[in-house]
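Beneath this line is the structure, given in structure tokens, with notes to follow.
The values are calculated or read from the model by the stated rules, or taken from the named source; none is laboratory data. Just so you know, these numbers come straight off a predicted model, no measurement behind them. Heads up, the Cβs are rebuilt from the backbone with ideal geometry, glycines too, and the neighbour counts pull from every protein chain shown.
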Amino acid sequence: MTTQNQAAGQAPVAGAAIARKRPPKTRMDKLLGRPESGVIIAAIMVWVFFATFAPHFFSARVTANVLLAGASLGIIAVGVATLMIAGQFDLSVGSVYGLSAALVVLMVNHGVPGWAALPIIMVFGVVLGTINGLLVTRLEIHSLIITLGALMFYRGVLLAITEGFPIRLKIPDPFMSMLDFEAFGIPGPFFWFIGFAAIFAYVLTRTRFGNWLFATGGSPEAARSMGVPANRVQITAFAVASMLACVAGYVSVARFSSVDALRGTGMELEVVLAVVVGGASLNGGYGSIIGAALGVLIIGMIQQGLILMGISVYWYQAGIGLLLIVAAIVNQYVRKRSIS
């Protein structure tokens, strides 16, 4: 007993000695320890590269294309970032995006006003996400399996609805037409992206639910021991991810007035890439909405930059894969640096 007491008394002393030897963190260390630090550097490097080697990269039209390409992807990325911080994945968001767009077209073509179709499709997304969350948390099946099955199911439903051919709005809807605008050269859908990014950045950093998300993603068991309803938090995060995928589908219809059977194919991988490039951990409990937004812009710059440089689009997939590997390595280094 005496030996145990001595050991217990020596532990704080040893810990204090280690703490004294550890150099205090500088302002630069704290800056590099933030989830957004790596993606900010990456965004600057990508921008400088294409500004140097891609003709007309500075033009207003190219900038508008980058923002437009990132709008729908960015809206979905906000939801996926929230879910990944909670420690889960959703591979079905690309199919939900395409299916929701088809349902919006069908509703409007059957007389549902565009302003009414928006809340309906948002509720539809919440229902789909809640089902995914319940299956994952109650049955304790890995989210990759559940959402991979959901991806295939929703894609099959979309193919059945469209029969493999594009479907279009029969007549323009006044409300949806009002959403298709440009202000100061910035396409309207990008404002949706910025709005959702701002809302969820605030939620994650300034609310109790945001704290619950990070705690649940870091360790669900530890979160539960502190009174956090971890299952409910993850179910809510699934619902948010699917809801925002449906909002992105609605925005795409407002922009293009049509949908095809391949709408959103492969989008789930690009979204995960954007979120990981933005500093999110694949293990949960770490990430940033701002970082995810910058990751989306990086993908948009790469798409437009390769086209302007005359590089075959077939290299885009290779570049995206390489970027994901590099991002995972950088994020692991940044996270270890922030912990140490």
Taking the conditions exactly as written (at pLDDT 95 or above and in contact with a helix residue (DSSP H, G or I) (Cβ under 8 Å, 6 or more places away or on another chain)), does F200 satisfy them or not?
yes
Filter pass, A160 being closer than 30 Å to S258 by Cα and not hydroxyl-bearing (S, T, Y)
yes
Pick out the one residue from M309, M243, M301, M267 that is of a type in the set (A, V, I, L, M, F, W, C) and over 30 Å from F53 (Cα atoms).
M243
Output yes when any residue across the range 284-303 is exposed (fewer than 15 other Cβ atoms within 10 Å of the Cβ), touching a residue at least 60 places away in the same chain (Cβ under 8 Å) and not in a helix (DSSP H, G or I), and no when none is.
no
Is it the case, given these coordinates, that A254 is buried (at least 22 other Cβ atoms within 10 Å of the Cβ) and within 23 Å of the chain's Cα centre (by Cα)?
yes
Starting from the range 145-169, keep only residues that are among the hydrophobic types (A, V, I, L, M, F, W, C), then list their pairs with residues that are assigned to a loop (DSSP other than H, G, I, E, B) whose Cβ atoms are within a distance under 7 Å, requiring at least 6 positions of separation or different chains.
L148/L91; A150/S92; L151/L91; L151/S92; L158/A261; L159/A261; L169/S257
Quick one: which of L273, L262, L269 is over 17 Å from A86 (Cβ atoms), under 13 Å from the mean Cα position of the chain (by Cα) and surrounded by fewer than 20 Cβ atoms within 10 Å (Cβ to Cβ)?
L269
Number of positions in the range 204-220 that are touching a helix residue (DSSP H, G or I) at 6+ places or on another chain (Cβ under 8 Å) and free of Cβ contacts under 8 Å to residues at least 40 places away in the same chain
3
Taking N132, is it in contact with a Lys or Arg (Cβ under 9 Å, 6 or more places away or on another chain) and in contact (Cβ under 8 Å) with a residue 12 or more places away in the chain?
no
Given the options V93, V48, V105, V112, name the one that is over 13 Å from the mean Cα position of the chain (by Cα) and either crowded, with 24+ Cβ neighbours inside 10 Å or closer than 22 Å to M152 by Cα (or both).
V105
Members of the range 238-273 that are under 23 Å from G321 (Cβ atoms) and of a type in the set (V, I, T)
T265, V271, V272
